[in-house]
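**Student:** One structure, pasted below without further comment.
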Amino acid sequence: MKRFYKKVEVSSTDKGFLITLDTKALLSPGKSILVLPTKALADAIADEWGNQEINIIPSTMPFMTLSATAIDRVRPRLDDTIDEILNFLQTDLLCYRAEEPEALVLEQDQLWKPLLKWCEGFVGSAFNVTSGIMPVMQAPKLISSAQKILKSYNEFQLLGLHQFTSISGSAVIGLSLLERQIELEAACQAAFVDDYFQIDNWGEDAEASLRIANRRREMLEIKEFLDLVLPRK
């Protein structure tokens, strides 16, 4: 699609912030007006539209894409999105520890134990942890408490949390990032501890390294999106 507008502006309303292209309100692909929760996010999306030249290239507009997804796909199915995050929590990566080698067991414990401890305090219930691949059930209290917390998030926060959880395999890591308990690098270290251990001990594999790099890039975009969505302290 060719660029069809000249001027991009941000304005505020009682519901949030709008972006206009030549005075017309910007719509999502689902034809909803793009009402954004923070001016920082609106400014970032306005910059994406303003930086388009002859042709509009959606792949260069990650914040627009994420915001539209939050409005079109998450908002109409908030409960379903919450249930999907809770399903990750039921089988969270951090609750399944290696049995060997000892070095990996220790590394997982060092990276994962503090995150689980924080999340237990945040949710108000302890996690059940196991070694190996045998499934372990989490207490109903943990799931119900987490559900109440998730219901307090808006569609933008839930989208970021859901996507980060899907990439990392851990709702605990996702919640820690959303609640600003860890930085991106620490989240990546926790999510990819097994991959990094394999590389450190068996050498770098081009395919595995590319997979990690792509996941890190996606995680960075989501982290930047959440930083724009969350009120600044």
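**Student:** Of everything in the range 167-195, what is among the aromatic types (Phe, Trp, Tyr) and surrounded by fewer than 16 Cβ atoms within 10 Å (Cβ to Cβ)? Give them in sequence order. Even if it seems obvious, please write down each step before you answer.
**Tutor:** Pass one, the range 167-195, residues among the aromatic types (Phe, Trp, Tyr): 192.
Hits for the range 167-195: nothing passes.
**Student:** Let me spell it out: the conditions are (1) surrounded by fewer than 18 Cβ atoms within 10 Å (Cβ to Cβ); (2) farther than 30 Å from Leu116 by Cβ, and Arg77 meets all of them except one. Which number is the exception?
**Tutor:** (2)
**Student:** Moving to a separate point now. Scan the range 38-54 and give yes if some residue there is more than 23 Å from Ser166 (Cβ to Cβ), of a type in the set (Ser, Thr, Tyr) and modelled with pLDDT of 95 or more, otherwise no.
**Tutor:** Checking the range 38-54: at least one residue is more than 23 Å from Ser166 (Cβ to Cβ), of a type in the set (Ser, Thr, Tyr) and modelled with pLDDT of 95 or more.
**Student:** Right, something else. Sort through Asp47, Asp79 and tell me the only one that's part of a helix (DSSP H, G or I), in contact with a helix residue (DSSP H, G or I) (Cβ under 9 Å, 6 or more places away or on another chain), without any contact (Cβ under 8 Å) to a residue 40 or more places away in the chain and among the acidic types (Asp, Glu). Spell out the reasoning first.
**Tutor:** Working: Asp79 fails: in contact with a helix residue (DSSP H, G or I) (Cβ under 9 Å, 6 or more places away or on another chain).
Only one candidate qualifies: Asp47.
**Student:** State all residues of the range 53-63 that are surrounded by fewer than 18 Cβ atoms within 10 Å (Cβ to Cβ) and of a type outside the set (D, E, K, R); if no residue qualifies, say none. Show your work before the answer.
**Tutor:** Step one: list which residues in the range 53-63 are surrounded by fewer than 18 Cβ atoms within 10 Å (Cβ to Cβ), which gives 53-60.
Within the range 53-63, Ile54, Asn55, Ile56, Ile57, Pro58, Ser59, Thr60 qualify.
**Student:** Failed condition for Asp22, given (1) touching a residue at least 24 places away in the same chain (Cβ under 8 Å); (2) touching a Phe, Trp or Tyr at 6+ places or on another chain (Cβ under 8 Å), with all others met?
**Tutor:** Condition (1) is where Asp22 drops out.
**Student:** While we're looking at this one, here's another question. Of Glu207, Glu185, which residue is under 24 Å from Met61 (Cα atoms) and either in a loop (DSSP other than H, G, I, E, B) or not basic (Lys, Arg) (or both)? Before you say what the answer is, go through the steps one by one.
**Tutor:** Numbers: Glu207 fails: under 24 Å from Met61 (Cα atoms).
Among Glu207, Glu185, only Glu185 is under 24 Å from Met61 (Cα atoms) and either in a loop (DSSP other than H, G, I, E, B) or not basic (Lys, Arg) (or both).
**Student:** Go over the candidates Glu179, Glu183, Glu120 one by one and state the one that is in contact (Cβ under 8 Å) with a residue 40 or more places away in the chain and within 27 Å of Leu220 (Cα to Cα). If you could, list the steps in order and put the result at the bottom.
**Tutor:** Numbers: Glu183 fails: in contact (Cβ under 8 Å) with a residue 40 or more places away in the chain; Glu120 fails: in contact (Cβ under 8 Å) with a residue 40 or more places away in the chain.
When all the criteria are applied, what remains is Glu179.
**Student:** Based on this model, can you work out whether Ile82 counts as aliphatic (A, V, I, L, M) and not assigned by TED's automatic domain parsing to the domain that holds Gly174?
**Tutor:** Values: aliphatic (A, V, I, L, M): yes; not assigned by TED's automatic domain parsing to the domain that holds Gly174: no.
Considered against the rule, which asks whether it is aliphatic (A, V, I, L, M) and not assigned by TED's automatic domain parsing to the domain that holds Gly174, Ile82 comes out as no.
**Student:** Which count do you get for residues in the range 126-145 that are out of contact with any strand residue (DSSP E or B) (no Cβ under 6 Å at 6 or more places or on another chain), of a type in the set (Gly, Ala, Ser) and surrounded by 12 or more Cβ atoms within 10 Å (Cβ to Cβ)?
**Tutor:** Matching residues across the range 126-145 total 4.
The values are calculated or read from the model by the stated rules, or taken from the named source; none is laboratory data. What you see is a predicted model, and the numbers here were worked out from it, not measured in a lab. When we count neighbours, we look across all protein chains shown, and the Cβ atoms used for this are built from the backbone with ideal geometry, even at glycine.
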